[in-house]
Structure formats: C-alpha cells, structure tokens
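Remarks on the structure that follows.
The values are calculated or read from the model by the stated rules, or taken from the named source; none is laboratory data. Since the structure is predicted, the reported quantities are computational estimates derived from the model, not experimental observations. Cβ coordinates were reconstructed from backbone atoms using ideal geometry, including for glycine residues, and neighbour counts include every protein chain displayed. With ligands, DNA and RNA removed, areas are computed over all heavy atoms of the protein, side chains included. Shrake-Rupley method; radii C 1.70, N 1.55, O 1.52, S 1.80 Å.
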Amino acid sequence: APSMQPWRSPGEPQAPFSLPPPRWPVECEVIQETIEHIEWIPPKPEPFCPPMGPEQALYTLGEEQGTVVYHSSPGNGARGSTPEHLHSSQTPTTVPAALTALQGSCFVRARVGGAPGPLSSPAAPLEGPQDTTLLFESRFESGNLQKAIKVGPYEYVLMLRPDLYTAKHTQWFYFRVQNTRQEPLYRFTIANMAKPKSLYGQGLQPLLYSQRDAQSRGIGWRRVGTDVHYYRGGAGEPPMFRLSWTMRFPHDGDTCFFATCYPYTYSDLQRYLCALAADPARSRYCAVQALCRSLAGNTVYLLTITGPGGTAGKRVVVASARAHPGESGGSWAMRGFLDFLLSAHADARLLRRLFVFKVVPMLNPDGVVVGNSRCSLAGRDPNRAYGIALPGSFPGVWHLRAMVQRVLAEQEVVLYCDFHGHSRKNNVFMYGCDAGGDGSGTRLRQRVFPLMLSKNAPDKVSFSSCKFQVQKSKEGTGRVSMWRLGVSHSYTLEVAFSGSTLGGRSSHFSVEDLKSLGRLLCDTLLDFCDPAPAKLQQCLVEVDALLQQQMGCEPGSGGSWSDVSPSELES
C-alpha cells in the first residue's frame, strides 16, 4: 500500500529532494541521452494550413519497394537486426507482425532504464558522408515510432507503435531525426493512424523542433508541413488511416524532433516538482505526496494546495490530468493552473484562502513514459476504469476515486475537472453531467461553469461545443464517476490538439495559450463561487434562453425544455 504521508504539511519548510528516474517495462530499450526542449512563444499565432481533401491524396506509395531504415519493437525490438536485415524489402500495407508483437502479452516487470544489457541498433548505418538517409530514433521518454521505410530519396513511410500490450490506439507520435538536408523537400507519411477523423484534415500541422535553432536562436517547437493530408490508407480491416505532409528542414546536419503536440513527459513533471520544492515562497502553500505507485512503480503525485489556516471548513476543488498519455496539451493547461494557484497574484491568494485544491497532475505516468496514446500498462483505457474495483490494475484512478470519497465524507467538493485533449474538434470545450432526472434549476447550473469559462476566454472556449449527456459508454470516466459519488459539478476539459477558430482566430494553440487555460479556470472558479449572485443569475437566464432557442421555443411562449432528455437536447 502506498504511503499517504505527505513529504511535508503546507507551511512547513521542506528539505530539497531529488526524484527517481522513470521506471520502464523491461522489454523497452531506452537510450541514455536526456531529451529536453526549451519553451518558446511564437511571435505571432501560427495559422492553420489550408485543409486538403482526401480525394486529393489517393496516390499509392510504393512502400513494397522501400527499404526499412529504422525498426524498433519492444519485446523483440531490433535485437538481432543487422543492416542486411534492415535493408530487406517490407510491405507495411497491413500492420506487420512486429507491430503487434506485444498483443496478447501483458506487463510483468519494470526497472529504471528499461531493458538491461547493451542497446540494439534499430537504425541502418550510413554508407558514407554522401548518404542522405535520415537517422530515426524514438527510444526515449514519451517517444513513439516503430518503423521507418525509405520509399524515395527524400520520402519515408512511418509506422507508429500501438499502445503497449494492445494492437490499437496509434495516434501519438514523437521521434527524432538526424542527418537532415536543408534543400530538398521531404515527404513523411504515417501509414497506420487509427482514427477515421482527425484535425489533420482541418488545418492542423505537425510540430517540429530544431536543436540548432533552439541553441542558436532560442526557437522551440513550431508548426510545419505543407500538403497535409489525412485519408484512408486501404481496404484492410481494421481500416488504417494515413497522415502525410511535406516540409523542408531548416539546416543541414541538424537534430530535429517531430511530435503530435508539445511533449510533456513524466520527467518534465518531476523537474517542475523539484523546482517547486526548492522555492520557499510557492512551497509554503503546497504539500506533495504519493497518491500511489503505478504498475511500473512510478509515483502518481498528489498536490494539496491551500493557504494559511489549514483545511478545516474549506470547500475542496479536485483536478487531474493525463489519464490519456497522448493528450499532452492537458499537461500544459494543468501547468498553467498550478503556476497561477501558486503565484502571488491577489486572486490566487483568495483562492488559497477559500479552497483546498487536490491535484493529480499525471494520472497515468507509465503510459506517458512509454509513449502510449491512450492506455496504461494494463493495456486498457484508465478513463473507462473508474467503475472497476481493481486497485492493482488501475492504481491511479482507483486511489483518486477513493481519495475523493474520503474527502466527501467531511467536506464539500465544489468542482472536479479532468484535463484532456481532443483530436477531432477545434477549440476548448467541456463535458458535464445532466442525467435529465433533476429539476430544471440543477440542470441549468450544470451548464453555468462552462458558460462562464467561455465568457472569460471567448477566443478559445466554445460553449456550443459543450455536451452534458451522460452516455452509458462514459459511465467509467472520471467525470461521471465523481458526479455519481456526489460531486455536483464534475467536468472534463477538452483541449483541441489544433487551436481556435473563435474570436477571429484560425490558428494553432501555443504553449502559452494552453497554460493560459489554467489561469482562466481559476478566474472562472471565483466567478462561479462569487457570493454576490449577479454573474450566476445572468448566466442562468442566458443558459435558459439558449435551451429554449435550441428547442425552437420563442422566449415567453410558455414552451419548456425542462422535460426534454439531454440526448434530445443535444441531437
């Protein structure tokens, strides 16, 4: 059983501490280099690229004539692979056996550094300085690339690794390329994306990080890619989808990275917690403790944030993030939430005086470490497991739910918010809980917090995209589970992988945009709990009018939405 003793109580000085490195399943090879990236704000918003319809991308890539230049598979990895083996012809039109090597197997053991012994060589060696083949690597924290096939001088077909111990959920990618050339136009095609719809079909671009630009010009992650297509890749079952883009590298001989969204690793969180513990001002308000250990033995951290005077008589706010490891935007929003709560801002001081915040910034550290898109090492989605009483299989969500139950026995939990990312809809929006059986006043109040957030962030948050139906398939989610426990205002915050189409914007979110969402949530919490009722009353009237309008009732006509089910309201 994990120790529930905090390392210290809020207000007590804390000695500096160092946190252990991540633990990996023993079948995962891990390179020794530390991968870190600088933070950077683009000087102006990065616009969406013109979306390309799937009908424009029906050409066939000749990967069956291609050369495998990188192949790393946990479990059998590239062990025994020789350059000769790597250069044999492969046909990845269907998911190869190597991609599903771990299907049907399960997690057994973990250790710091992953697989023991010397590393294999999954990349084909260069044949000399004139060889322009890119060198791929993904065996680092949160990395995901299974295979790279060179199908032309500057054209590559890529295969992602499914979530460990599954054959599914190929979405998150994060990998390194070296031996770049500045002049040629490269094309990359990820050939085994799992989802039929994606924001890549609506103007989203991949992210690129140039190490040379970071070191010499202070430029970090940026959007790249022209001719971006997202389309079905063939007639196989289950269907696979392709993401394709062209681009030029900024320098010869550079080290670059590609990613779905701005990476935020378990080690990034640990560095943040170490800096927090070393800051005498911020650490006064924050106690850090182990909520539990993950299956691999990584700590699931719980932060308790409040002002002087302890927790007695205060209402509680619970927040969590990264149940789904491929939704790193949720971690950046969580980072902004913590930054603001622990700041000297007058509103932050007021929030600490009024509330106790219980925050789990990374519910699924194992999935984040290994570069999964959706699952933990149980091979299942933890955000469908809140109703399953299996602390041994889903320790993070089980202990979070148990902690909320304990808190509810003594205090009111005024709000629960679970931070996520969304791959198919633009903007930021919330999912709430309206089962339809409550009175109209309760059903209206469910919608007030999201409406207030949309007013505080009109260029990011779309109230019209918010949903409140409690579907049977979502019973195992954190949002519905906490609501069933008695948290009357329980929400999922969904942050698009792309950006905003609101307030005249049509541009990608920057890291700063994502962090600002945390501050805006704090602003909205103060509005929502304001003892002066004016804002709340105004929003209740506005929501009522919107629902009447949705049902086609004229204001004052006597028609009512209150007997209509949430599914009908949202149809």
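Annotations
- Residue within the range 401-415 that is within 20 Å of the chain's Cα centre (by Cα) and either of a type in the set (A, V, I, L, M, F, W, C) or in the same structural domain as residue 334 (by the TED database) (or both) present: no
- Among the residues of the range 291-318, those that are among the hydrophobic types (A, V, I, L, M, F, W, C) and under 17 Å from residue 414 (Cα atoms) comprise 305, 312, 316, 317, 318.
- Leading residue by the ranking (least open to solvent (accessible area, probe 1.4 Å)) among those in the range 20-35 that are over 18 Å from residue 271 (Cβ atoms) and acidic (Asp, Glu): 29
- Residues located in the range 226-261, provided they are at pLDDT 95 or above, in a loop (DSSP other than H, G, I, E, B) and touching a Pro at 6+ places or on another chain (Cβ under 9 Å): 248, 249, 260
- Residue check, residue 321 out of contact with any Cys (no Cβ under 8 Å at 6 or more places or on another chain), open to solvent by 20 Å² or more (accessible area, probe 1.4 Å) and more than 21 Å from residue 28 (Cα to Cα): no
- Qualifying residue in the range 290-309 (condition: open to solvent by less than 10 Å² (accessible area, probe 1.4 Å), within 30 Å of residue 159 (Cβ to Cβ) and either without any contact (Cβ under 8 Å) to a residue 60 or more places away in the chain or under 25 Å from the mean Cα position of the chain (by Cα) (or both)): yes
- Total residues in the range 361-406 satisfying the condition of being surrounded by fewer than 18 Cβ atoms within 10 Å (Cβ to Cβ), in contact (Cβ under 8 Å) with a residue 12 or more places away in the chain and hydrophobic (A, V, I, L, M, F, W, C): the figure is 2.
- In the range 337-360, the qualifying residues are those that are of a type in the set (Gly, Ala, Ser) and open to solvent by 50 Å² or more (accessible area, probe 1.4 Å), and the one that is nearest to residue 511 (Cα to Cα) is 344.
- Qualifying residue in the range 365-375 (condition: over 17 Å from residue 298 (Cβ atoms) and either of a type outside the set (Lys, Arg) or in contact with a Pro (Cβ under 8 Å, 6 or more places away or on another chain) (or both)): yes
Rundown of residues vs (1) buried (at least 19 other Cβ atoms within 10 Å of the Cβ); (2) not in a helix (DSSP H, G or I); (3) not hydroxyl-bearing (Ser, Thr, Tyr), yes/no style:
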| site | (1), (2), (3) |
| --- | --- |
| 484 | no, no, yes |
| 512 | no, no, yes |
| 515 | yes, no, yes |
| 519 | yes, no, yes |
| 532 | no, yes, yes |
| 552 | no, yes, yes |
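- Residue satisfying all of: in the range 442-479; among the β-branched types (Val, Ile, Thr) and surrounded by fewer than 23 Cβ atoms within 10 Å (Cβ to Cβ); nearest to residue 418 (Cα to Cα) among these: 470
- Residue that is most open to solvent (accessible area, probe 1.4 Å), among those in the range 236-266 that are of a type in the set (Asp, Glu) and farther than 17 Å from residue 174 by Cα: 237
- Every condition in (1) of a type outside the set (A, V, I, L, M, F, W, C); (2) farther than 30 Å from residue 376 by Cα; (3) part of a strand (DSSP E or B) holds for residue 212 except the one numbered (3).
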